[in-house]
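Notes follow the structure.
The values are calculated or read from the model by the stated rules, or taken from the named source; none is laboratory data. Note that this is a predicted model, so its numbers are computed, not measured. Here Cβ is always computed from backbone atoms with ideal geometry, including for glycine, and neighbour counts include all displayed protein chains.
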Amino acid sequence: MKDGINRRDFVIGSAAAGLAATAVSTASAQAPAVHTGRSTPVVVASRNGYTMKNGGDKNCVETAFEKMMAGEDVLDALIAGVNIVELDPDDASVGYGGRPNADGVVQLDSCCMHGPKKRAGGVAALEGVRTPSNVAKAVMEYTDHHLIVGRGAQNFARNIGFEIEDDLNTPRSREMWLEWKRRIDPGHYLDPETRAEAGHKAGLAMVADGLIPADDYYGTINCNGVNPAGDVCGVTTTSGLSWKIPGRVGDSPILGAGLYVDGDYGAAGSTGRGEANIYGLLSFVVVEEMRRGAAPKDAGMEACRRIVTNTIEKRLLNDRGLPAFNVNFYVMNKAGEHAGVALYADPTESRYAVCTENGAELAPVEALLDGESNG
């Protein structure tokens, strides 16, 4: 720009103006009304909620919608849907065959929230159970806690009857881990002196070489639903960042980050760089924006703007001074309105899964920023 303001400053300034406008409108408006009418039933999910079927006839969103409309509890229906993806060995971002950590061990994270019951549960760094979403629901149902992690999560799962397997790798996930080991990724442990230049170089090089789909590098499936009575629930499950530090936990099992549900207003979840989401607890922000009256798309865009504002480390910025990574949000309000938003989106490829009474489809994800994250 002629006045010397770069694109990043312009985006951040626009975000600040948006926040100011929101504050003015909120201050002058009455308290938002709680949705009291019937809802349009819908299930939304990340793209793999449409593409993965684990050898069956139905995908995640179709399965969840069918069970929900048959009268099953919404959360039970959503978890049955994501189980399809967790069990599918061809999805390398979730459950069985998910990307292992730096030691070659598959560690899984998940959380779920039940809007009407105002309850939640989660697990993190869980080993040996293909369907961590089921264990997260068990934490919600059988304990007084919201999150159990590591060996404790595995012991809890074993004690209530889950089968514990020695290894959740498939031949393909093991092969990719070995390729990563050969390339030696320096981006996990950052030298304070060279932090500005560090990053997940080997893993991202494998994406560039076509060995790993870009969406699989960060992984995850989020799935949210509302039935005709307005019961809102959500679940997120993942194998986490490819070849992460053992014990690393991203946003997926963190309430308010990888998932947040308010039974009176709606649900939001995310995929992409978890650390960027955790920093702002942005799924909570999205739902809070809907509570204040924002539409799902506008609520999601506010979360994206906050990521831009909060991303200042050079190693995380592209040559335009904008985030060199992506984060996606899947947003749904209690009325059944929904949106998929992201920092960046390919007009022809970026899609999220939706299922209504008209069937399942892929809907376009809308982007805050133009171009790609790496340029």
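Observations on the model:
- Of all residues in region 40-55, those that are surrounded by fewer than 21 Cβ atoms within 10 Å (Cβ to Cβ) have Cβ atoms under 6 Å from Cβ atoms of residues that are part of a loop (DSSP other than H, G, I, E, B) and not aromatic (Phe, Trp, Tyr), 6 or more apart or on another chain, in THR40/GLY336; PRO41/ASN227; PRO41/PRO228; LYS53/ASN59; ASN54/ASP88.
- Set side by side, the residues ASP231, ASP251 differ, and just one is of a type in the set (D, E, K, R) and either surrounded by fewer than 23 Cβ atoms within 10 Å (Cβ to Cβ) or at positive phi (or both), which is ASP231.
- The residue of region 234-261 that is farthest from the chain's Cα centre (by Cα), among those that are in a loop (DSSP other than H, G, I, E, B), within 19 Å of VAL135 (Cα to Cα) and hydroxyl-bearing (Ser, Thr, Tyr), is SER239.
- Hits in region 161-175 - residues which are under 19 Å from LEU87 (Cβ atoms) and not basic (Lys, Arg): GLY161, PHE162, GLU163, ILE164, GLU165, ASP166, ASP167, LEU168, ASN169, THR170, PRO171, SER173
- Within region 87-141, tally of residues that are modelled with pLDDT under 95 and of a type in the set (A, V, I, L, M, F, W, C): 2
- Among the residues of region 308-337, those that are hydrophobic (A, V, I, L, M, F, W, C), out of contact with any strand residue (DSSP E or B) (no Cβ under 6 Å at 6 or more places or on another chain) and not in a loop (DSSP other than H, G, I, E, B) comprise VAL308, LEU316, LEU317.
- Number of residues in region 254-274 that are without any contact (Cβ under 8 Å) to a residue 60 or more places away in the chain and either at positive phi or out of contact with any Phe, Trp or Tyr (no Cβ under 9 Å at 6 or more places or on another chain) (or both) equals 1.
- Tallying residues that are in contact with an Asp or Glu (Cβ under 9 Å, 6 or more places away or on another chain) and not small (Gly, Ala, Ser) within region 300-315 yields 4.
- Consider region 345-367 and keep the residues that are of a type outside the set (Val, Ile, Thr) and surrounded by 23 or more Cβ atoms within 10 Å (Cβ to Cβ). The one that is farthest from SER46 (Cα to Cα) is CYS355.
- Residues of region 282-302 include none that is in a strand (DSSP E or B) and not hydroxyl-bearing (Ser, Thr, Tyr).
- Exactly one residue out of TYR352, TYR344 is assigned to a loop (DSSP other than H, G, I, E, B), under 28 Å from THR51 (Cβ atoms), within 19 Å of the chain's Cα centre (by Cα) and not aliphatic (A, V, I, L, M): that is TYR344.
- Residue match in region 154-164 (condition: surrounded by 16 or more Cβ atoms within 10 Å (Cβ to Cβ), assigned to a helix (DSSP H, G or I) and among the hydrophobic types (A, V, I, L, M, F, W, C)): yes
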